[in-house]
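The values are calculated or read from the model by the stated rules, or taken from the named source; none is laboratory data. Being a predicted model, the structure only gives us computed values, none of them experimental. Neighbour counts run over all protein chains shown; Cβ positions are idealised from the backbone, glycine included.
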Amino acid sequence: MSSSKYRTHSIAEIGLGLVGQSVTVAGWVDRRRDLGGMTFLDLRDHSGLLQVMVDDPKLVGDIRAEYVVQITGTVAERPDSQKSDNMVTGDVELDATKVTVLATSKQLPFQVSSIVENKGENNLPGEDVRLKYRFLDLRRPAMQKRLSLRAKMMWAARESLHKMDFEEVETPDLIKSTPEGARDFVVPSRLHPGSWYALPQSPQLLKQLLMVSGVERYYQFARCFRDEDFRADRQPEFTQLDLEMSYVGQEDVMKVGEQIIHDVWKACGYEVKTPIARISWKDAMDKYGSDKPDLRFGNQLVEMTDYFKNTPFRLFQQDYVGAVLYSGGAALHRRQFDEWQDWAKQRGAKGLAYAVFKDGEISGPVAKHLSDAEREGLAAKVGAHDGDAVFFSAGDRESSQLLLGMVRREIARRQGLLDPKKFAFVWVVDFPLFKRTDDPNDDHVQVGHSAWSPMHHPFTMPREDWIDTFDKDPEHAMSNAYDIVCNGLEMGGGSERIHRTDIQNRVLNVLGIGQQEAQEKFGFLLDAFQYGAPPHAGMAFGWDRASAIMAGTDSIRDVIAFPKTHAGTDLLTGAPAPISAAQRAETGVDEKPEDEQAQDSAEK
Ligand code: ASP
């Protein structure tokens, strides 16, 4: 029961069971219609909509959309012909006897009425307007549903973790830098002019410290802050469901992760089958051209490197040649293939070679460069039938595969195969421990100073068979790390951690992080490891991403109450904003550290 100072019921509670009774409800005027001396108001609260009938014009006055009103009236059954499935309260209406305006509303910058919204979110103004008036945007029932869904997911996750004996521990936001591969946001210290806090890129080091502290099963809905460049659908601050466990390995953490996914999806009405499928990082790249493959559909990449081993076509004389099938693609016009070229160029490729299979012939720009034998076997090799097309990419293995992976997903999108109500989970496992620092496909900030960067973060444990040799062959060394992927999006990931100082030092050595630098940056963790650190492992879910996947929206901004724009600005509050000279002086942002040495080493 939602009775309170202002109402006897919330709207969704008004139904046939209350016919003939007097009730008081409160909410926004969703819409007003005046019909032959009568006024109909649709009243909206968080729970739903109710039709209110007012037959005395004096009662309604000049009430307009989005006024907040309190209405007392008698519940009446609607005639059968007027019952509506569109409202939770579609069988009844309220015959108003008293209408009180609790708050008026200015003319709206855009309509938030659920009736308008039913026509689709396409009718909304641009996102800038929605973000500036976020409080109105959130009032829309679709956004209310998304917030509720996210809350339900958080609740289900907490319940799941609670059942598995996890304890929520909060870690601080004002800390020392965490090397997760992004730039830090920093906060000046007024009491220590010239010194700065960093906001955590994740609680990684702190949760590892908690393991050394004896918390065996930690979790936290944690705020993380990463100062990254513009990239689609990222936020400078975001939420992780972060967890860490002692005396466990990869399998144990994955089991916990699966249980959480199972329970969260179940709470939202979906059955996720466990164990969740697994794929190695290499297979994911080879077959799907992505380390976060979308498995809602098939259409694996076909490696053609051997096939074109002796090709006369110069463009295909490369380390790697791959292909992806476009079933039905032969129907595309020349102009559409040209558009695909532009599409690929926007993604950093030089172009997108293709061949078309039509009427028993192979056409397209590639065809005439191939040998007869290559042309003959092509359809069978790529699995094409008459009416299909195929795209190729040739060059260095990883970049070419990544391009084909994007093509594969774009084809699926155009074929309507990206069903948002279908959830294809997969664990990606068997990651390399390191990646090349100069990897053109990576936008992370360099953690160390060598040719090698951590694939996950510097605290990831090498796989058992690499413990002795990882530093001799960083290119091939493997780790005990895992990512959870859903519908082509990375939803989370984690690893077994290094709990031995000797291994940690060797990893730092490969990364080109010297003893002194390590000591300055995270000496507190290395020191702690010298006092008996239990083996531990963990993971984190990107909670904004998980919520967006569940809500079936492409944008994490849709599941964050007050998100920032692509450019990191908050259009509602106007952050970031300049500060006054007095504030600058007080916070000490312009101060240099007193200790010159500290300054020098900070610059190293
Ligand atoms: N700290 C990692 C991240 O933020 C997750 C983990 O390894 O637990 O991506």
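So here's what we get for this one:
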item	result
Subset of the stretch 17-40 [without any contact (Cβ under 8 Å) to a residue 40 or more places away in the chain and touching a Leu at 6+ places or on another chain (Cβ under 9 Å)]	Arg32, Arg33, Thr39
Pair list, Cβ under 7 Å, 6 or more apart: the stretch 167-183 residue under 9 Å from Gln201 (Cα atoms), other residue within 13 Å of the ligand (Cβ to nearest atom) and among the hydroxyl-bearing types (Ser, Thr, Tyr)	Thr178/Ser202; Glu180/Ser202
Some residue of the stretch 422-431 being touching a residue at least 40 places away in the same chain (Cβ under 8 Å), touching a His at 6+ places or on another chain (Cβ under 9 Å) and not hydroxyl-bearing (Ser, Thr, Tyr)	yes
Some residue of the stretch 334-343 being under 17 Å from Val390 (Cα atoms), of a type outside the set (S, T, N, Q), surrounded by 15 or more Cβ atoms within 10 Å (Cβ to Cβ) and in contact with a helix residue (DSSP H, G or I) (Cβ under 6 Å, 6 or more places away or on another chain)	no
Filter result for the condition that a residue is in a helix (DSSP H, G or I), within 16 Å of the ligand (Cβ to nearest atom), under 22 Å from Gln201 (Cα atoms) and touching a helix residue (DSSP H, G or I) at 6+ places or on another chain (Cβ under 8 Å), over Phe529, Phe522	Phe522
Matching residues in the stretch 479-502 - criterion: being within 16 Å of the ligand (Cβ to nearest atom) and either over 18 Å from Gly257 (Cα atoms) or surrounded by fewer than 19 Cβ atoms within 10 Å (Cβ to Cβ) (or both)	Ser479, Leu489, Glu490, Ile498, His499
Residue ranges of strands (runs of 3 or more DSSP E) in the stretch 156-225 with at least 2 members crowded, with 21+ Cβ neighbours inside 10 Å	217-225
Restricting the stretch 184-210 to residues that are in contact (Cβ under 8 Å) with a residue 60 or more places away in the chain and within 12 Å of the ligand (Cβ to nearest atom), the residue that is farthest from Glu244 (Cα to Cα)	Ser202
Residue list for the stretch 99-127, restricted to those being surrounded by 13 or more Cβ atoms within 10 Å (Cβ to Cβ) and modelled with pLDDT of 95 or more	Val99, Thr100, Val101, Ser105
Residue in the stretch 252-270 that is over 18 Å from the mean Cα position of the chain (by Cα), among the β-branched types (Val, Ile, Thr), more than 30 Å from Glu410 (Cβ to Cβ) and away from the ligand (no atom under 16 Å from the Cβ) present	no
Condition broken by Thr553, with the remaining ones in (1) part of a helix (DSSP H, G or I); (2) over 29 Å from Ser195 (Cα atoms); (3) polar (S, T, N, Q) satisfied	(1)
Qualifying residue in the stretch 315-329 (condition: of a type outside the set (Phe, Trp, Tyr), in a loop (DSSP other than H, G, I, E, B) and within 20 Å of Glu410 (Cα to Cα))	yes
Of all residues making up the stretch 1-36, the number that are more than 23 Å from Asp80 (Cα to Cα) and assigned to a loop (DSSP other than H, G, I, E, B)	10
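Each row is one residue, and each column tells you yes or no for (1) within 24 Å of Arg183 (Cβ to Cβ); (2) in contact with a Pro (Cβ under 8 Å, 6 or more places away or on another chain); (3) more than 16 Å from the ligand (Cβ to nearest atom).
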position	(1), (2), (3)
Glu376	no, no, yes
Val382	no, no, yes
Phe392	no, no, yes
Val447	yes, yes, no
Arg463	no, no, no
